[in-house]
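Notes to accompany the following structure.
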Amino acid sequence: MPTYRYPVLLWEDDGGNFTAALVEEGEAPAAHAPTAAEALSQIKEYLDWNLAKYPWQTGPDFNDAKLAQFRVDIRPEYKIAGRVYPSDETIALRLPCVHGRNADGVQICAMPTVNVQFYFNETQKLKDLAVHYAQERLRGLTPQQLSRFLPPRAVRLEEVVVQSARKQARPRREKKYGELESVAEPLGDKKLRRQFARAWEREYEVTEIMRRVSVEKANLLLVADSGAGKTTALVDAVRQIERAAQEEDEEEGGATFRFWMTSGARLIAGMQYLGQWEERCESVIAELSNFGGVLCLENLLDLMRTPTGGMEAGLAAFFSPYIQRGELRVIAEATPAELDACRRISPGFIDLFQILNLHEFTRPEAVNVLNRVAGNHARNLRLTIDEDLTGTIYRLFRRFLPYQAFPGQAVSFLNKLVERTEREKAPSVGGKEAIAQFTSQTGLPEIFLQDDRVMNYDEALAAFQKQVLGQDAACHAAASLVTTFKAGLNDPNRPLGVLLFCGPTGVGKTEMARALSRFFFGHGERAEQRLIRLDMSEYAGPGAAQKLLTSPEGDPSEFVKQIREQPFSVVLLDEIEKADPSVFDVFLSVFDEGRLTDRLGRVSTFRSAVIIMTSNLGAENLENVGFENRGAPSYPRAAMNFFRPEFFNRIDAVVQFNALSKEMMRAITAKELREIADREGLRKNNLSLTCADELVEHLIRAGFDQRYGARPLQRTIESLIVAPLAKYLLAHPGLKNRTLTLTLDPAGGLRITA
């Protein structure tokens, strides 16, 4: 049986009688009696009756109530024949003011004697706000009307305690919204509200939303980057606005939900014929107008599109006249880039909204949000949260994802970490677990994530030289890239690196891209998907830039979807010189700002990616065929002559790959043979390989071509080594723990001896 404590303001008039009024519920009846006890008793009787009639109601939402009194100067007015005659003198009133906090932590103030209630952020501004709202409430009153607000003889704050049996269930809400329920969700519904956390550190924005929506009756556009908490702030404001809606008449079937969340896609879903979606939208507008409802849109940009994907006569054009006439009120969300796109498409539509920008969190605010979320998890799950957890999460996201707005992704990361900790039944969670999960999510190894781990340039260079043989210049460029990133000296507003690999085909350009992908991002989930490879010959000709960005249906292209899903990736643009010049224009902003924005304002971020372009420009100038080149071309010069200066100047480094020498081919062949020995069919039976020198020379002669480099070598090894070796193993199924010697027989075939 819950017990509720209601704050009550009690004052005594000059006649010695007492008046009692509930602080929180301005519309509740006041009690008047000869004694204070009788007045408080009447308030208790009203509360007992109210809770018995509506047992589903929650208790008061006014905590830590404190009483203050402020002087308010009011100038009386007379209205005669439509004209206003102000008095020469003002009347000074001392009005009691009760302030405290609601369950969401937002500061609230009530002035029961004048029936005023408002929210505020800063305590030092309480007096100014109280005077302002009281003057607004009492403006236009005559001296006689103002006399009822003269200061009482005495005023004090009391408390009435009430118990609720809660034996009766809340009446079931009948479906009374019709079409609206099929395309939108009520933000006031508790089931939906539970999906959103409190809007921590967004008290100002929440108060502004409430003021503009409740007082100014404005159409509102919330603008901030994705993840900044636009929807959370809106839900928090709606939670407070709709508390009064919980006390609707029983005949209306319970509370009326006034704020409904939907999207442009839901409004037109399933509408196939001309006029269908227009008819549905008219029904939605009519239903909202019946109870003063507000339509909340997840993305304003969606309103610009029609069911066919065009922009000429979309939902925005349909809704505009209804919004202008006040028949429809809208709250929408947009990112700054989406807002710019909407202005280009329909500037007049944007002018119908008041714009509220959500401020970017400072470091103390961001850490405080993480601490509050972590504290909730600790209390609810009885989990120990180490002190370094939230600081580590903030550092990881600020260092490696500086372009993402707080608190969205960071809070989601914290929630997933806590869920995994609970699932594994671990007693505590701290910075070490956060780093492990961040590695799994991004693929970045711990040596990048931990400041106390040292990365040596020579060790990084040796790692690349082991994977890509004979290309020292490329290995030095790769080692410089990773050590610069480790030191935190990379430009946070650009990709991690923009490299142009120049040289003949088959000399290791693609293999170096793979090596960088493994070194940077090969330590987490789906490591094999961290290399995004585009054949730029597919983006030649008219319309290539559009093909790169969007699908024929107008949705993001597969390339854009991949980079959004895996921002920590190596993007390999193979044979870049074959792309249409319009594609180069698209990548100018990517190389310079690390962002790719399409015409609808949708942003894809490349600031966590390494971009590698390969080019064969200059390879046609090779003078001879064979292992050595007496007239090696200048690939960087050829690239500089081909690309426009503004494109070439945005490249961090032009890396020249040299033609392969015979010694390099011998080392590459040995490497390929070692990789064969590590395949499962040999490893599971503990079989090793040794190859005769004449066999290696034969593979080099058969698998090397000056025009194609080492690329044919793999095909040669597969046909001359792997295929005969597979037949031999199938013919000897019991062969284990042996060394297989591979030699060349007189006929040029493979001889295998165990």
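The values are calculated or read from the model by the stated rules, or taken from the named source; none is laboratory data. Model, not experiment: these values are computed from the prediction. Neighbour counts run over all protein chains shown; Cβ positions are idealised from the backbone, glycine included. Just so you know, the surface numbers come from the protein's heavy atoms only, side chains and all, with ligands and any DNA or RNA stripped out. Shrake-Rupley method; radii C 1.70, N 1.55, O 1.52, S 1.80 Å.
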15 Å Cα-Cα reach of residue 684 towards aspartates and glutamates, excluding residues that sit fewer than 8 places from it in its own chain | 675
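Ranked from highest to lowest mean number of other Cβ atoms within 10 Å per residue, what is the order of the peptides 2-13, 148-159?
Per-residue mean Cβ counts within 10 Å order the peptides as 2-13, 148-159.
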Sort largest first and round to whole Å: the equivalent ellipsoid semi-axes of the range 343-416, each the square root of five times a Cα gyration tensor eigenvalue.
-> 33, 14, 10
For the chain, what does -39500 (n - 2.57) per DSSP helix run (n ≥ 4), summed and divided by total residues, give at 222 nm, in deg cm²/dmol to the nearest 500?
-> -11500 deg cm²/dmol
Two-site FRET efficiency, residue 365 against residue 684, from Cβ-Cβ distance with R₀ of 56 Å, rounded to 0.05 = 0.50
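Return one whole number: the accessible area per residue of the chain in Å², for a 1.4 Å probe.
Result: 49 Å² of accessible area for each residue.
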Tilt of helix 509-521 relative to the longest C-alpha principal axis of the chain, in degrees (0 to 90, nearest 10)?
-> 40
Taking volume of the Cα convex hull per residue in Å³ as the quantity of interest, determine which of [x] 232; [y] 224; [z] 248 was computed from the displayed structure.
-> [z]
Taking the Cα atoms only, what angle lies between the long axis of helix 36-53 and the longest principal axis of the chain, rounded to 10 degrees?
-> 50
Between 0 and 90°, nearest 10: helix 388-400 axis offset from the chain longest Cα axis = 60
Neighbour net charge for residue 107 - beta-carbon separation under 9 angstrom, K R +1, D E -1 = -1
Work out from phi, with θ = phi - 60° and the Karplus expression 6.51 cos²θ - 1.76 cosθ + 1.60, the ³J(HN,Hα) of each residue of the range 437-450, listed in order in whole Hz, and give x for Gly and Pro.
-> 5, 5, 4, 4, 7, 9, x, 5, x, 5, 5, 7, 8, 9
Just reorder 236, 652, 189 by solvent-accessible area, largest first, 1.4 Å probe, all chains present.
-> 652, 189, 236
Carbon plus sulfur fraction of accessible area for the chain, probe 1.4 Å, in percent | 47
